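The values are calculated or read from the model by the stated rules, or taken from the named source; none is laboratory data. The structure presented is a predicted model; accordingly, all values stated were derived computationally and were not measured. Cβ placement follows ideal geometry from the backbone for every residue including glycine, while neighbour counts extend to all protein chains displayed.
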Amino acid sequence: MMNSYEVGTVIITFYTKISPQEYFTNKSSGTNPSPADYAKLDAISIADAGYAKNEWGDRVYDPQYKKIEWK
């Protein structure tokens, strides 16, 4: 999974992975686990906003999105 945030003039992206063995073992035990409960941080990327737009194209924003402000 990927989640990106605009912070100042950079884009920070968090990459998470889910272990299929762990997730499906718990799912088969009769519970209905959320994939988010099994996501583990795999990598962090920090890119200049201009570079990110050039490489990835226009961003798609959630309707509730708010830019992060450094304080």
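Below, the figures for the structure above:
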| item | result |
| --- | --- |
| Of all residues making up the stretch 8-24, the number that are in contact with a helix residue (DSSP H, G or I) (Cβ under 9 Å, 6 or more places away or on another chain), surrounded by 13 or more Cβ atoms within 10 Å (Cβ to Cβ) and modelled with pLDDT of 85 or more | 5 |
| Tally, over the stretch 2-60, of residues that are touching a Phe, Trp or Tyr at 6+ places or on another chain (Cβ under 9 Å) and at positive phi | 1 |
| Close pairs from the stretch 14-42: first closer than 23 Å to N3 by Cβ and of a type in the set (F, W, Y), partner at pLDDT below 80 and not in a strand (DSSP E or B), Cβ under 6 Å, at least 6 apart | Y38/E22; Y38/Y23 |
| Of all residues making up the stretch 25-36, the number that are among the hydroxyl-bearing types (S, T, Y) and either modelled with pLDDT of 90 or more or surrounded by 11 or more Cβ atoms within 10 Å (Cβ to Cβ) (or both) | 1 |
| Residue that is modelled with the lowest pLDDT [pool: residues in the stretch 37-60 that are assigned to a loop (DSSP other than H, G, I, E, B) and loosely packed, with under 11 Cβ neighbours inside 10 Å] | V60 |
| Check on F24, in a strand (DSSP E or B), out of contact with any Gly (no Cβ under 7 Å at 6 or more places or on another chain) and aromatic (F, W, Y) | no |
